[in-house]
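For reference, the structure I am asking about is given below.
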Amino acid sequence: MTAAVWNWSEIIPALPEVFLAVSAMVLLVLGACQKNGGLKLIGTLSVAALAVAMVLTLKADWTPVTVFSGQFLSDGFSSYMKILVLGGLIATIMLSMRYLVQENMGRFEYPVLILLAGVGMMIMLSANSFLSLYVGLELQSLSLYVLAAIRRDDAKSSEAGLKYFVLGALASGMLLFGISLVYGYVGAVGFDAVADTLAAATAEGTVAPGAIIGMVFILVAIAFKVSAVPFHMWTPDVYEGAPTSVTALFAIVPKVAAIGLLMRLLFDPFVSLMPDWQQVVWFLSAASMAWGGFAGIVQGNIKRLFAYSSIGNIGFALVGIVAGTADGVAASILYMTIYMIMTAGTFGIIMMMRRNGVAVERITDLAGLSKTHPACAYAMTALMFSMSGIPPLAGFFGKLVVFQALIASGFYVLAVLGLVSSVVAAYYYLRIIKVMFFDEAEAPLDRESAPMRTLVLTLSIIFIAGFVLVPETLMHTSQEAAAVLLPAND
Amino acid sequence: MELVAVFAPLVGFLIAFLFGKQIGPRGAQFVTCTGMILAAVMSCALFYSVILQNDPRVLHLATWIAAGDFEVQWALRIDQLTVIMMCVINIVSACVHVYSVGYMSHDPARARFMAYLSLFTFAMLMLVTANNMVQLFFGWEGVGLASYLLIGFWSHKPSANAAAVKAFVVNRVGDFGLLMAIFTTFVVFGTVQFDAIFTMAPDKTVDTFNFFGFEIHALTLICLMLFVGAVGKSAQLGLHTWLPDAMEGPTPVSALIHAATMVTAGVFLITRFSPLFEYAPFAREIVCIVGAMTALVAATIGLTQFDIKRVIAYSTMSQLGYMFFALGVSAYSAAMFHLMTHAFFKALLFLGAGSVIHAMSNEQDMRRMGGIWKYIPTTYVLMWVGSLALAGVPFFAGFYSKDLILEAAFASGSWFGQMAFWMGIAAALMTAFYSWRLILLTFHGKPRASAETMAHVHESPNVMLIPLAVLAAGAIMAGSMFYGAFANSATSPGHTQDIKHVGDMVSIWDKDYFFGDSIKVLPENDSVVAAHHVPKWVKLLPILAGALGIGFAFVVYMFREGMADKIVRAFKPLHTLFYNKWYFDELYNFLFVKPCFVIGKLFWKGDKNVIDGLGPDGVSKLSRGIAGRLGVFQTGYMFHYAFVMMIGLIGLVSWFIYRTMGS
Amino acid sequence: MLETIAFYLFATVLTLSALRVITARNPVHSVLFLILAFFNAAGLFVLLGAEFVAMILVIVYVGAVAVLFLFVVMMLDINFVEMRKGATRYMPLGVLLGGVLLTELTMLFGAWKFSPQIAQNAASPTPAIDSVENTHAIGAILYTDYVFIFQVSGLVLLVAMIGAIVLTHRVRAGVRHQKVSDQVNRKISDSMDIQSIKPGSGA
């Protein structure tokens, strides 16, 4: 018997995940004992649990360490991405609470599922073998499928959940097939073993097509998760159909985790196949930027619009990965950070859109917002300017750094494509501003105070406006995170 | 201490601006005034610790931008020059804040007004505490923005909006100059940090800059660019047209921004860059000439205007001219001295004028005033104090600083210094004249306002008078108190030497000690020291000019009614020229604005038909077409989506199969 | 010899029944063929010496999953013929895509090679199959090296359970439950009120 002796100290690097999983289960039991839903209590406690997990991650030792027989890796990169994810989840729950009550879908399972999805994302980010990658991904996806369909009496929500589930299952199938191909070539599923084997094979020039095709399958599955074109088809329908609070979650968090996972995959096990995967990611990135820009133009539903916006933005984030340098990865990380915060603010506004107590979601419903809710209109204006990348707002710097990295690596065609797409996309962001300021409102939107939502929105605005004053802190942190992933280049 | 002095206004602004509705106008006034008074007290404390104890320092806050070789930090440079500016800014700003509580008491948006004032003060502090050119530019633009917001504060008045836009656009020309200066500096020195630039400056005196094949002396180029920036901000001749129009803003704004602080930013800028200007004699020559001409031209215009605020505005411009020609002859400390005394007495004059306007139910035309000194005696006295200081009557603040400038100009020995001296004397004469013209027209003679207005004439409340009193104290004493600090030197003859021996404390009233290393004057250029050696008549001439001007004003406007009209008729062409402000606005309108409109229209038409048709409109049509096509894919059927995914997958797989196995 | 015959038997039946699962017109038949396929797969596992996996396959897939399918198929009234109609329209495209992918994967399989390091990478952490029975071996590795994956899989199942409850469980209004304690605690005075009415005065 070679079974390792279990050592309790192995659990320490995974403490945030363990804590979050345990608190999810405790909250589940607690919620089941509550009468009439107990959403408020469970929601508050969930935010607290996420915050504690965030503090645990922050305070943890960020030196790279693998535990659980090499299944789980904790390092500076994973910790940074986890903090992003946890922050995004906290923001989402804070944004959603009022909406859940208003839409009469206040069930305590909602925050618990978000916690479990969070555990899944953290496991994805800490994955050090294809097995843990897969279980983390499934844990996350399954929670999200349920959340998308959580308004089971609503045909659109159920349809969204089902579509997401079936297509997600297809993507999972591709992922597993890809993993088995890679396993078939390498004979192991650990990232370290895969990286070593592929590096040796690349050095000799004897990489089997099987391994490359396996990698393509895996990339396709991840591309589905980040909704990169042409694996994005579920996004607009699911964004539109799912309850707005869930859409906010979809837009804000899982993409960050999936992009993090993608970076880990490409720069850890598959790093020696860089020339190959650069072609795939190049294509995904170009297609996403273009599609996200063009198809968004004709949308009338604001949630659908932001589905296309998220597709386009993922394209920009992929740009940094295509560059294949530490600077590129740092730029991508920074881009995702900024994108996440902007999106949180934007969905704060979208969730505010109600007329006579009914949620509305057409862009034209924003008409005249500058007169009825001037503060909201100005906040939205700032967000839209930032999204379209107008200086000196944060969004501009996000785009700036990724293109800098791209041009430094010599991908001029993609850079031009990206700039064109970003101009096209600016059209629909600016249209929202035009509608808010220059169109006449039919009837004003409701006035309501949701302190939590306002807080998230305010923080988001402060960030995008204030980023120009202290960009260095965040840039530096993202560079450090990237340096962990690409130690050779630093 | 430094942080409080700089950031208290920012905190005040944020609270008043963001929570203005919640805390109400009272709360906003309280918060901003408290912040400002706190900042003023702290800057006085800094005056003690930095200047008197000779302890300049730099406070690093954070790294701002680091891209390649280009590094910019957030830092507070607290040296002597900065502290002088901080004291002036914070004290005047505190006075104006308190004054505004009374002046704006009927305005519905007074919370916002207070917030903007604090924002302006913060931006100004950022400007003077900057440790590098980029942060300086940040403050520079910040004050421009705040100034725009405040000039256009009464946005219901079209003239206010137009003035705000004009101020912004004209300043943009200057800002462009400053930007170019920053770029050039970075090219020449490879850094934008002040310390590094100043230490390197002596080694760069022979460097040239190739510009379209012309070899240009690098330092001169930088200095001229800087001067363009300063001309815009400080309303020197050429880019001055926005300043009189800016009087559309509320009077406290005129006092704070367009008299005491923002317009002096140009003077500060050049003083800050004295280590560069010292090696660019040609640039200094230009500065001196432009300054002297501004002093003279502005004074001539001031003679003829009837709007009480415009008269003071032109006088501000004229005084700024004095400061600039002082800079031009390397008398930096004299310029700073005048900047300080001017801040006090000009703010006093503006706020006094505001008090008059307040009393006269918002009447600004002096032709409809008169005979009100009995009703508002305190304001009357305070206006006298301000005017005495402005005219350079002995023992008031303006006397010391203006004389020092004139003597320095004379002593510099250069031809442009001489010219500036004579122009300055002429301007001094006119200054005294229009100051008393203002007082006499406003307060004396028969009341020319309507009976109804006269019935309402009332003294302003204490909340407005107390700040005035503080400023008046400054206007009386600032000159005599600080004369030594700005003028004396260890190398100057006579009494200074003796005083130095009395004790350590006294030696601080000496400009070399007072400024430390914050300004740099080459010994051979030091006209302030030379100013002590000028002949007696040079010292007396300004006083004489002032006295003549005052006397003449009394004759024309008090004793001989109707003489003013006679003079106007006698000098009709000159008066018309002066009254119409030397036709600058018309000239610019003809030269720049109209052609711009014509060109703009031409391009607009061409743009609409040709470029829009092929470009934006065509492209947007195309984009919508593409968007429509793409929409076709989004059918909503799940198996379609699955098909698209499969096609994507197969496409990628085929590509790699082809690549790895096909060949 | 016997093993070879058994392998080809199981494999042939497995493939044929898998084909019938997707071609059978009657959905109940499909499920029954699926069960047959599972059995044959279990047989293949036994041939490989993996009797534990074989038994799990029978118990879990046949015993639980497939039977559940059967229930669902029989309980829901779905018109499969109607559903098939749309599918035939896309048959050519589907066949084309499937064909291309199959060709490519066949090419891939034909040119397959293993990494030279595969033997070292794939070195099993479990002891040889003849020294320890594989139930024991799986247990020994599952709860040590793979305990993390095992636990996370547990979480996945938990989410599945929560999802099932969230999406299907509903509290119906107006459902009357028997409350024993209420019945036991009921007193005469709760339901009856004895009034003494004088004769002749009326109610």
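Values in this text are rule-based calculations from the coordinates and carry no lab data. Given the structure is predicted, the values throughout are model-derived calculations rather than measurements. We place every Cβ from the backbone using ideal geometry, glycine too, and count neighbours over all the protein chains shown.
Compute the whole-percent fraction of alpha carbon pairs in the range C:1-131 spaced more than 19 Å apart.
Numbers: 5870 of 8515 pairs.
Summing the P(r) of the range C:1-131 above 19 Å gives 69 percent of all pairs.
Please give the calculated 222 nm ellipticity per residue for the protein assembly as shown, where each DSSP H segment of at least 4 residues contributes -39500 (n - 2.57) and the sum is spread over every residue; nearest 500 deg cm²/dmol?
Helix contribution divided over all residues of the protein assembly as shown: -23000 deg cm²/dmol.
Okay, moving on. Assuming a viscosity of 1.306 mPa s and a temperature of 10 °C, what translational diffusion coefficient in µm² per second does Stokes-Einstein assign to chain A, Rh being the Kirkwood radius over Cα pairs?
Numbers: Rh = 22.6 Å.
The Stokes-Einstein estimate is 70 µm²/s.
Angle between the Cα long axis of helix C:91-110 and the longest principal axis of chain C, 0 to 90 degrees, nearest 10?
50
Still on this structure, please answer the following. Answer with one residue from A:Phe403, A:Phe385, A:Ala359: the one whose Cα lies farthest towards the positive end of the charge dipole of the range A:289-490, charges on Cβ with Lys, Arg +1 and Asp, Glu -1.
It is A:Ala359.
Which longest uninterrupted range of chain C lacks any trypsin sites (Lys or Arg not before Pro) assigned by DSSP to a loop state (not H, G, I, E or B) and surrounded by at most 10 other Cβ atoms within 10 Å?
On the way: sites that count: C:Arg25, C:Arg170, C:Arg172, C:Arg176, C:Lys179, C:Arg186, C:Lys187.
For trypsin sites (Lys or Arg not before Pro) (loop position, at most 10 other Cβ atoms within 10 Å), the longest site-free span of chain C is C:26-169.
Quick one: B:Thr205, A:Thr346, fewest Cβ neighbours within 10 Å first, how do they rank? List each step's numbers first, then the result.
Values: B:Thr205 14, A:Thr346 26.
Least to most surrounded, the residues fall as B:Thr205, A:Thr346.
Assigning unit charges at the beta carbon (Lys, Arg +1; Asp, Glu -1) and nothing else, what dipole magnitude in debye, to the nearest 20, does the protein assembly as shown show about its Cα centre?
Values: 78 positive and 76 negative charges, 925 e Å.
The dipole of the protein assembly as shown has a size of about 4440 debye.
From the residues B:His533, B:Ser333, B:Tyr375, which one has its Cα farthest along the dipole of chain B in the positive direction, the dipole being from +1 and -1 charges on Cβ of Lys/Arg and Asp/Glu about the Cα centre?
B:Tyr375
In degrees between 0 and 90, to the nearest 10, how far off the longest principal axis of chain C does helix C:2-23 point, with axes built from Cα atoms?
Result, in degrees: 50.
Then there's this: Dividing the Cα radius of gyration by the Kirkwood radius, what Rg/Rh value follows for the protein assembly as shown?
On the way: Rg = 40.2 Å, Rh = 36.8 Å.
My calculation of the ratio gives 1.09.
Counting only C-alpha contacts under 8 Å and six or more residues apart, can you give the relative contact order of chain A as a whole percent?
Values: 824 pairs, mean separation 71.1, N = 490.
Reported as a whole number, the value is 15 percent.
In angstroms, what radius of gyration and Dmax does the range A:113-170 have, counting Cα atoms only?
When restricted to Cα atoms, the range A:113-170 yields Rg and Dmax of 12.4, 40 Å.
I'd like the orientation of helix C:147-168 relative to chain C: the angle between its Cα long axis and the longest Cα principal axis, in ° from 0 to 90, rounded to 10.
Once rounded, one gets 40 degrees.
Percent of Cα-Cα pairs per 20 Å bin, from 0 to the last occupied bin, for chain B, please list those.
18, 48, 23, 7, 3, 0
Once amide H atoms are placed 1.01 Å from N in the peptide plane, what residues at a sequence separation of 5 or more from A:Arg354, or on another chain, have their amide H within under 5 Å of its amide H?
HN-HN under 5 Å from A:Arg354: A:Val360, A:Asp446.
Report the trypsin sites (Lys or Arg not before Pro) located in the range B:367-411 that are in a DSSP loop and have at most 15 other Cβ atoms inside 10 Å of their Cβ, or state none. It would help to have the intermediate numbers written out before the result.
Values: sites: B:Arg367, B:Arg368, B:Lys374, B:Lys402; in loops: B:Lys374.
Listed in order of number, the matching sites are B:Lys374.
Right, next: Can you compute the equivalent ellipsoid semi-axes for the range A:289-490, i.e. the square root of 5 times each eigenvalue of the Cα gyration tensor, sorted largest first and rounded to whole Å? Write out the running numbers ahead of the final one.
Working: eigenvalues 211, 68, 30 Å².
For the range A:289-490, the semi-axes come out at 32, 18, 12 Å.
Can you put B:Trp74, B:Trp537 in order of Cβ neighbours within 10 angstrom, beginning with the fewest? Don't skip to the end; give the middle numbers.
Values: B:Trp74 21, B:Trp537 8.
Sorted ascending by nearby Cβ count, the order is B:Trp537, B:Trp74.
DSSP H helices in chain B with Cα extent of 27 Å or more along the helix axis and mean Kyte-Doolittle hydropathy at least 0.5?
On the way: long enough: B:20-46 (34 Å, 0.85); B:80-103 (34 Å, 1.57); B:110-129 (28 Å, 1.32); B:158-189 (45 Å, 1.27); B:281-304 (36 Å, 1.56); B:308-328 (30 Å, 0.77); B:332-359 (39 Å, 1.14); B:415-443 (42 Å, 1.21); B:462-487 (36 Å, 1.70); B:536-554 (28 Å, 1.47); B:638-657 (28 Å, 1.92).
Span-like helices in chain B: B:20-46, B:80-103, B:110-129, B:158-189, B:281-304, B:308-328, B:332-359, B:415-443, B:462-487, B:536-554, B:638-657.
Which of B:Leu76, B:Leu406, B:Leu243 comes first, and how do the rest follow, when ranked by fewest Cβ neighbours within 10 Å? Don't skip to the answer; put the middle values down first.
Details: B:Leu76 23, B:Leu406 30, B:Leu243 26.
With the sparsest Cβ surroundings first, the list reads B:Leu76, B:Leu243, B:Leu406.
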